Structure formats: structure tokens, C-alpha cells
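Novice: Could you have a look at this structure, given as C-alpha cells, before my questions?
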Amino acid sequence: MNNKVRIISILAAASLLTGCGAFNSGSQATETNTEAKTAAKPEASVAADTTDCCGDKEKECFKEEPKDCCGDSAEAVLGKPEKTDVNIGYLNSTAHLLAFVAAEEGYFKDEGLNVTLTQFSSAAELVNGLESDKLDAAFIGSVPTLTFQSQGHDISIFGGAMTNGHGYVIKSEFADKDELGVEVLKGRNVASVKNSVQDAELQILLKNANIEIGEGDDKVNIVYFDSQKDAYAALLNKNIDAASAYSPYTSLAKSQGYKVVYYCAHEKALENQPCCRQVAKTAAIKDNPNTFTAVERAFIKAYHFTQTDHDKTIKDVKKYIDIDEDFIDTEVYGGFSVSSPDPDKQGTLTLKDTIIELGYTEDFDIEPHYNTDIYKKALDSILAENNDDIYKSLKEHFDDYE
């Protein structure tokens with residue numbers, strides 16, 4: 001079997017294994033006070049209702065008071081966070097909106113956490129931040145996370161952040177409309193970021209189109225930069241014709257007259273590609289499971305908020321990614337990406353096989369570095385409080401693709 005067929009078969013599997021279409025919209029829950037409800041019911045009645053709610057998922061006890069359905073606070077059930085001061089790193093991307101919304105809507109505080117968000121320029125900087133203990137968690141691209149893991153960095157994935165959301169843009173003199181495909185890159189110098197999902201996807205599409213990488217009229221010359229910001233800025237250089245772009249750089253590029261080569265969400269070979277993951281030191285997760293569960297609960301609540309209040313979500317994101325709100329709306333709700341906390345293990349494992357096929361890295365045992373227990377515990381605890389359609393859709397997706 002030749003490489004082209006193998007790549008296509010691997011990515012066909014990826015399309016089947018990941019499924020963001022499973023994420024549904026629903027109504028936002030109403031919170032109530034545990035002590036007030038307990039006082040309103042005799043102890044025996046509360047115990048009986050609690051058994052029905054937590055022991056039988058088909059029953060809906062305390063339907064009007066979902067937060068206290070099982071009678072205990074999250075901290076009482078899950079345990080107090082081992083540490084409450086948490087530092088989280090992110091990149092200049094709308095892809096990391098779960099952290100922005102969790103901070104602005106008070107979900108971190110609700111979980112007893114004091115969270116500081118810090119922007120970094122690259123995946124390498126984020127990993128260095130984790131390993132030097134300057135960061136407790138970070139949103140890092142799936143491809144660099146996998147390659148760093150393969151090189152012996154003791155970091156683990158414990159959740160998701162975004163699926164799709166990237167592509168390439170080209171100067172308008174080389175394309176008269178959007179989404180002409182990678183063929184328009186022939187004979188062009190293309191700025192990209194090594195060890196990134198954007199670069200891996202481009203290589204996949206070039207292989208599928210039988211286009212070689214290198215200099216020449218029938219080839220694509222890839223010029224590598226250290227960060228997405230640097231790659232995009234390189235478009236100002238007359239020698240660079242096109243560049244990689246993740247959200248929100250694609251919208252910025254369009255506003256500046258560039259054309260979109262492709263959106264990965266619209267490429268069959270790249271459907272539902274896991275982009276960014278939640279990452280932390282493996283030892284930190286083991287030492288502070290309650291803290292990471294609390295962080296994850298905040299992200300899950302933030303996801304719920306993004307599905308129910310688009311306008312406020314956009315305003316929350318703008319506080320961290322200072323671009324026009326219309327661009328944020330396009331990137332977040334335009335159909336080019338999905339921001340979900342689900343770890344999407346099966347999709348990430350398929351991507352791992354793909355980048356090994358591309359020669360990005362050697363094969364390695366990822367199992368010690370992929371923790372889905374944190375997300376499961378956090379989601380289950382939230383479902384015990386509120387099992388509306390949005391949270392149930394997360395549970396269905398996790399059960400299907402864990």
C-alpha cells in the first residue's frame with residue numbers, strides 16, 4: 001500500500017472517530033442553595049430523593065433545583081482542591097476561550113480556585129512553563145504535545161480545547177477567491193510553524209494532491225517560523241506568498257485582503273481534527289487530582305455558557321483576544337471550529353498515527369500520558385447537579401469517543 005493510500009485511510013478513520021456533531025445546544029440551568037433546600041425537606045425525604053436521583057439516571061428528582069440534586073456540594077463529593085492558586089497558559093487564539101469564559105463568568109471562583117491566565121507565544125514556551133512549574137496547565141496544540149511527549153517530556157493531556165479552526169491564507173495576487181485549495185500554493189513560498197497541527201495538515205493535503213515540498217514551479221516551498229504570530233507577520237515580506245493561520249488570524253487576514261487557501265473544517269481529509277489540548281505535568285495531575293477536577297468543572301461550565309449566551313461569550317473573549325467582535329463571532333460561531341473540553345482520546349490517537357506516518361516523530365506509548373479520568377469525574381459530578389441537554393451531549397460524546 002503506498003503512502004498516499006495509507007494517509008487517506010488513516011484520516012478517514014479520524015473522521016469517523018471524532019464527532020463534534022454530537023455536541024448539542026440546550027438551556028442554562030438555575031442554581032439554588034443547598035442549605036435552603038435541605039432545611040425545607042425532612043431528612044428522610046431528602047435521603048429517599050437522593051437515592052432516586054443518583055442511583056437511577058432515568059428519574060429526575062428536584063427537577064427545579066438541579067444543583068443540589070444529590071444533596072452535597074461539589075467540594076464535599078470530590079474533595080477540596082489541593083492547591084487553589086492556579087496558573088494557566090494560553091496562546092493568542094480564540095481557540096482557548098474556555099479559560100476566558102471560565103474566568104470572566106466566575107466559574108473558577110465557584111470551584112474555589114484563584115486562576116491567573118498568561119499569554120505565551122508558542123507551544124515550546126508553554127511546555128517550558130509547565131516543566132519549570134511557572135504554569136500548572138496550558139492549552140497546547142495536539143501535534144506539538146504529541147511530539148514533546150514522544151521526546152520524553154513528562155506531560156499529559158487531560159482535556160480538550162478546540163477542534164479544527166485553522167488553515168492557510170495567500171496574497172490576493174495569487175488567488176481571486178477563497179478556498180481554491182492547496183494547488184494555488186504551487187511555486188509559492190509558504191510561511192508555517194514547524195511542529196504544529198497547521199504544518200501537519202498542509203503536508204497531508206499536499207501528499208493527497210501529489211504535490212512535492214521544495215523549490216520549483218510545481219512544488220510548495222515551506223518556510224518555518226517559531227510561532228504563528230511570526231508566520232503571519234512574514235506575509236509583509238515580499239518573498240512570502242502565503243502563511244498558516246489559526247483563529248483569529250484567518251479572519252484578520254480576510255479583513256486585510258488576503259484570500260483563504262482552505263479551512264481545515266471544509267477539507268474531507270481533515271474533518272474533526274483535534275487541535276488544542278489541555279496539558280499539564282503528569283506528576284502534577286497525580287499530586288493534585290482535586291485541583292484539576294475543579295479546573296475541568298470550570299471549563300465544562302464555560303462550554304455550557306458558550307452554547308447559551310453567544311453575545312456575552314464574544315465579549316468575554318475580546319478581553320483576552322483584542323480584535324473586532326465580528327471576527328470573534330466568525331471564528332467561534334462561524335462553523336470553522338468547535339471549542340469543547342472533551343479529551344477526544346480516539347481522535348488524538350488517530351492524529352498520533354498520522355504524524356508518525358508523516359515522519360514527525362517515532363511511535364511511543366501514549367497511555368501513561370493521556371488522562372481521561374479527570375474529565376470523566378468532573379463531568380459526572382456536574383451531571384449529578386444538572387443533566388440538561390448540553391451536559392448530556394458531552395457525556396454521550398465522551399462515552400462514544402473516549
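Novice: Taking the conditions exactly as written (open to solvent by 10 Å² or more (accessible area, probe 1.4 Å), in a helix (DSSP H, G or I), closer than 20 Å to Ile390 by Cβ and in contact (Cβ under 8 Å) with a residue 24 or more places away in the chain), does Phe305 satisfy them or not?
Specialist: yes
Novice: Residue check, Glu296 against (1) acidic (Asp, Glu); (2) in contact with a strand residue (DSSP E or B) (Cβ under 7 Å, 6 or more places away or on another chain); (3) surrounded by fewer than 24 Cβ atoms within 10 Å (Cβ to Cβ), all met but one. Which one?
Specialist: The one condition Glu296 does not meet is (3).
Novice: Moving on to the next point. Would you check which residues across the range 308-353 are open to solvent by 60 Å² or more (accessible area, probe 1.4 Å), part of a loop (DSSP other than H, G, I, E, B) and closer than 21 Å to Ile88 by Cα and list them?
Specialist: Answer for the range 308-353, where residues must be open to solvent by 60 Å² or more (accessible area, probe 1.4 Å), part of a loop (DSSP other than H, G, I, E, B) and closer than 21 Å to Ile88 by Cα: Lys319, Asp322.
Novice: For the range 126-136, which residues satisfy the criterion of being closer than 13 Å to Phe148 by Cα and open to solvent by less than 80 Å² (accessible area, probe 1.4 Å)? Show your work before the answer.
Specialist: First, the residues of the range 126-136 that are closer than 13 Å to Phe148 by Cα: 126-128, 130-131.
Result: Leu126, Val127, Leu130, Glu131.
Novice: Okay, moving on. Within the range 89-102, track down each residue that is touching a Ser or Thr at 6+ places or on another chain (Cβ under 7 Å) and either part of a strand (DSSP E or B) or small (Gly, Ala, Ser) (or both).
Specialist: Residues of the range 89-102 touching a Ser or Thr at 6+ places or on another chain (Cβ under 7 Å): 89, 93-95, 97-98, 101.
Residues satisfying the conditions are Gly89, Ser93, Ala95.
Novice: Based on this model, can you work out whether Ala280 counts as within 21 Å of Gly112 (Cα to Cα), in contact (Cβ under 8 Å) with a residue 12 or more places away in the chain and not in a helix (DSSP H, G or I)? Steps first, answer last, please.
Specialist: On the way: within 21 Å of Gly112 (Cα to Cα): yes; in contact (Cβ under 8 Å) with a residue 12 or more places away in the chain: yes; not in a helix (DSSP H, G or I): yes.
Criteria met by Ala280.
Novice: Any idea how many residues of the range 254-283 are within 30 Å of Gly79 (Cα to Cα), open to solvent by less than 30 Å² (accessible area, probe 1.4 Å) and not β-branched (Val, Ile, Thr)? If you could, list the steps in order and put the result at the bottom.
Specialist: Of the residues in the range 254-283, the ones within 30 Å of Gly79 (Cα to Cα) are 276-283.
Imposing the further condition that a residue be open to solvent by less than 30 Å² (accessible area, probe 1.4 Å) reduces the set to 276-280, 282.
Pick out the ones that are also not β-branched (Val, Ile, Thr) and you get 276-278, 280.
Number satisfying all stated conditions: 4.
Novice: Out of the range 334-350, which residues are at pLDDT below 90 and within 26 Å of Ser251 (Cβ to Cβ)?
Specialist: Result: Gly334, Gly335, Phe336, Ser337, Val338, Ser339, Gly347.
Conditions (1) of a type outside the set (A, V, I, L, M, F, W, C); (2) surrounded by fewer than 20 Cβ atoms within 10 Å (Cβ to Cβ); (3) touching a residue at least 12 places away in the same chain (Cβ under 8 Å), marked per residue:
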{"site": "Lys83", "(1), (2), (3)": "yes, yes, yes"}
{"site": "Tyr90", "(1), (2), (3)": "yes, no, yes"}
{"site": "Phe100", "(1), (2), (3)": "no, no, yes"}
{"site": "Gly112", "(1), (2), (3)": "yes, yes, yes"}
{"site": "Leu117", "(1), (2), (3)": "no, yes, yes"}
{"site": "Val143", "(1), (2), (3)": "no, no, yes"}
{"site": "Phe148", "(1), (2), (3)": "no, no, yes"}
{"site": "Phe158", "(1), (2), (3)": "no, no, yes"}
{"site": "Val169", "(1), (2), (3)": "no, no, yes"}
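The values are calculated or read from the model by the stated rules, or taken from the named source; none is laboratory data. These numbers come from a predicted model, not from an experiment. Note that we place each Cβ from the backbone using ideal geometry, even for glycine, and neighbour counts take in every protein chain shown. To get the accessible areas, we keep the full protein, side chains included, count just its heavy atoms, and leave off ligands, DNA and RNA. Shrake-Rupley method; radii C 1.70, N 1.55, O 1.52, S 1.80 Å.
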